[in-house]
Amino acid sequence: MKATRREFLRQSGALVMSFALAPRALAQARGHDGGGLPGNLGQSPFLDSWIRVEASGAITVYTGKAELGQGIKTALLQVAAEELCVPFERLTLVTADTHVTANEGFTAGSRSLQDSGTAIRNAAAQVREILVAEAASRWAVDAQVLRAEGGFVIATGDKRLAYGELVAGRSMHVEAKSESRFIAPANYRVVDRSIPRVDIPAKLRGDAAYVHDMRLPNMLHARVVRPPGYGAKLSSVDASAVEAMPGVVKVIRDGDFLAVVAQREWTAIKAMRALAEKSRWQESADLPDSGQLPAAILALAVQPTTIHDRKAGTSAGVAKTLEATYTRPYQIHGSIGPSCAVAHLTGGMMTVWTHTQGVYPDRQAIAELLGMRPDKVRCIHAEGAGCYGHNAADDAAGDAALIASKLDGRPVRVQWMREQEHAWEPFGPAMVSKVRASLDANGNVVDWDYGVWSNTHSMRPGPAGNLLAGQHCGKAFKPAAPRPLPPPEGGGDRNAVPLYAFPSAHVVNNFIAPMPLRVSALRALGAYLNVFAIESFMDELAAAANADPVEFRLRHLQDARGREVLQLAASKFGWKAGVRGSAGKGMGFAFARYKNLAAYCAIACEVDVDLDTGRVRLGRFVAAVDSGQVVNPDGLRNQIEGAIVQSASWTLHEAVSFDRRRIRSTDWATYPILRFEGAPASVEVHVLDRPGLPFLGSGECGQGPAAAAIANAMAHATGRRVRDLPLRPERVRAAAV
């Protein structure tokens with residue numbers, strides 16, 4: 001976008017509904033605090049933060065959310081097209097950009113449709129009403145006799161005015177209302193349709209689709225020389241030979257931050273390797289013993305907080321008590337394309353193209369890093385090859401900005417190497433959970449006690465110290481103090497409170513502030529382990545009660561929508577009670593409502609376990625999901641299919657390896673992931689549509705149930721339970737003995 005906000009406002013012949021022209025502070029000054037507005041309208045409570053209608057009839061939709069591969073570009077356009085009553089193809093979408101879109105924070109927690117989609121839906125509906133009212137005024141008729149269709153307002157006798165005509169000669173800046181008149185679900189033409197994703201064709205054709213593909217005029221290429229391990233200090237470097245290499249533009253040292261800039265990318269790579277050989281680092285040996293990781297986690301200082309406490313005084317009826325411990329290692333995001341960013345300092349403005357999940361927090365961090373005013377830093381989201389959490393995207397952006405600030409006005413592209421991504425990105429935290437539950441004589445759970453031990457699950461930018469460049473530069477910034485994420489969504493305690501209606505239940509979040517390894521958000525956060533633990537233990541309790549696992553869950557589940565999802569998955573799978581596992585073949589089931597407030601998901605699966613080798617073959621998977629009003633059914637199914645495959649990789653293979661000095665899992669050999677031959681034989685996803693109900697986030701609802709379903713199927717197949725992730729062959733083989 002080349003024009004400024006002010007220039008857009010000056011344009012005649014357009015109904016301007018774009019950009020965060022009146023941020024929250026200005027809205028409050030005008031007597032509007034955003035309270036009570038739906039979705040993220042409360043953050044940017046003016047319609048012109050979301051929609052722009054031009055005199056030509058062109059319509060642009062703005063979102064502060066980022067396309068991370070989850071398909072929200074398509075879904076948000078569908079929402080806007082439906083409420084504006086225009087063809088889907090007529091709309092253009094602009095995603096997160098600190099100069100032109102509302103500040104919607106991070107694209108995280110499966111909240112894009114809940115927050116941005118709801119805001120856009122309401123803004124679009126209210127824009128439509130304004131246009132209809134304008135037509136009614138011009139024709140001197142009642143607005144109730146008019147209809148909006150195809151980008152026109154139409155009256156009886158097919159008299160019509162195009163949206164562009166209705167906005168000609170005027171500019172509007174309108175505060176949003178708390179209620180909107182929506183299109184009835186029965187009349188939907190765009191929503192609840194499997195429209196092909198708009199971001200896929202360029203990727204399929206190999207066109208320039210990612211930030212990695214960006215090439216600006218006169219652009220340079222840079223590589224960073226990373227320390228060998230956490231806490232290492234650069235004691236000396238001889239850069240003379242590297243500086244003399246043909247094509248090398250500059251060697252940059254800023255404290256422990258070391259980088260090389262070159263005319264060509266391959267030159268930068270060769271120079272980086274040569275510079276690394278000439279660098280001397282003083283290392284420390286402060287990492288824990290990876291062979292005793294759960295014990296190391298439990299030995300760290302904790303801040304315990306009771307997050308759920310319901311007592312029914314039923315201990316007298318206890319017939320049997322079980323307890324178990326479940327663990328998860330550190331895991332990486334595993335982005336197939338290592339992180340990349342492009343930065344350009346020109347005219348006192350630093351522009352950074354980044355696949356961050358939060359352009360505004362990234363801007364804040366980069367501004368602090370460079371000592372610039374935030375309004376002199378512009379962060380523009382550009383898609384990256386994989387994300388789903390806080391991977392190295394923000395660090396690459398910080399690297400690029402720091403390097404660009406030391407160049408003479410030339411843009412610079414920073415591409416991480418595979419070993420850097422694996423060793424230095426923030427990991428998903430290692431976790432431990434302990435659960436104890438009692439059954440009465442009828443096999444019902446009467447008491448539940450659960451505790452989870454975890455670091456924070458968010459060390460995202462905002463502060464410069466949360467960027468590697470900020471930690472390693474000469475003016476080093478300290479990382480922000482780790483904090484637990486607040487309930488009800490939580491971090492390590494996400495989904496730690498069971499959805500089941502146990503009469504007595506106690507849940508404690510043992511927050512661990514010390515962080516032996518660098519950690520932050522990985523898709524689903526603590527819900528992955530917590531659902532794995534809860535749903536694995538539900539199977540153990542069902543076995544102790546001599547009950548079918550599905551019936552046992554239904555017995556303890558009062559949530560009507562949850563019950564329907566659970567029953568649908570069991571029905572479509574053809575679940576039969578009392579079937580015994582045999583010869584390594586088994587079936588498993590699991591269920592959860594993500595964060596206990598987002599989408600419901602139930603998964604049933606089959607596995608085949610080789611009892612001699614411990615290797616697992618994934619068979620048929622059947623899932624059912626309820627995410628409220630469905631926008632794009634195929635897109636929703638894609639999310640659940642992806643969740644199952646990703647979770648299968650985590651559950652069967654993935655764990656960061658390290659010694660006391662360094663991360664050692666720095667490639668795909670030392671950090672194995674699920675391969676094509678290991679993918680499930682088939683995946684079916686059945687969607688429960690809820691016309692007119694609020695959107696429920698679904699992008700992360702399947703990871704926990706998939707992990708537990710696999711573990712339960714393996715236990716069913718072998719008769720033995722593996723509680724430590726990942727369920728690698730050696731653990732399965734040992735348990736099956």
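What to note about this one:
- The calculated FRET efficiency for Glu730 paired with Leu298, based on their beta-carbon distance and R0 = 30 Å, is about 0.85.
- Enclosing the Cα atoms of region 345-491 in their convex hull gives a volume equal to 147 cubic angstrom per residue.
- Qualifying trypsin sites (Lys or Arg not before Pro) in region 309-369, DSSP loop, other Cβ atoms within 10 Å at most 15: Lys311
- Residues Cys605, Cys379, Cys340, arranged from fewest to most other Cβ atoms within 10 angstrom of their Cβ, appear as Cys340, Cys605, Cys379.
- Region 408-422 - phi-based ³J(HN,Hα) in whole Hz, Karplus 6.51/-1.76/1.60, Gly and Pro as x: 8, x, 9, x, 9, 10, 10, 10, 6, 8, 4, 5, 6, 4, 5
- Region 76-234: radius of gyration over Cα atoms, expressed as a fraction of 2.2 N^0.38 Å: 1.45
- Using θ = phi - 60° and Karplus 6.51 cos²θ - 1.76 cosθ + 1.60, couplings along region 177-193 (whole Hz; Gly, Pro as x): 9, 6, 10, 10, 9, 8, 5, 5, x, 5, 9, 4, 10, 10, 5, 6, 10
- For the chain, the antiparallel share of DSSP beta bridges with both residues in that region comes to about 75%.
- With Cα atoms defining each centre, region 224-302 and region 529-568 are spaced 49 Å apart in the structure.
- Radius ratio Rg over Rh of the chain, counting only Cα atoms, Kirkwood formula for Rh: 0.99
- Gap separating the Cα centres of region 103-151 and region 372-448, nearest whole Å: 34
- Counting only whole DSSP H helices of the chain, the ones at least 18 Å long by C-alpha along their axis and with mean Kyte-Doolittle hydropathy no lower than 0.0 are 118-139, 265-277, 527-544, 703-718.
- Cross-link pairs beyond the 23 Å C-alpha cut-off, checked among Lys203/Lys406; Lys434/Lys585; Lys65/Lys595; Lys376/Lys406: Lys203/Lys406; Lys434/Lys585
- Karplus-derived HN-Hα couplings along region 621-627 (A = 6.51, B = -1.76, C = 1.60, θ = phi - 60°), whole Hz, x at Gly and Pro: 10, 10, 10, 10, 9, 10, 10
- Partners of Lys159 within straight-line reach, counting aspartates and glutamates whose Cα lies under 17 Å from its Cα and excluding those fewer than 8 residues away in the same chain: Glu134, Asp142, Glu149.
- For the chain, the cysteines with no partner cysteine C-beta closer than 4.7 Å are Cys85, Cys340, Cys379, Cys387, Cys473, Cys605.
A short reminder: the numbers here are calculations on the coordinates, not readings from a lab. Remember, it's a predicted structure, so these values are computed and weren't measured experimentally. Don't worry about glycine lacking a Cβ; one is built from the backbone with ideal geometry, like all the others, and counts go over all protein chains shown.
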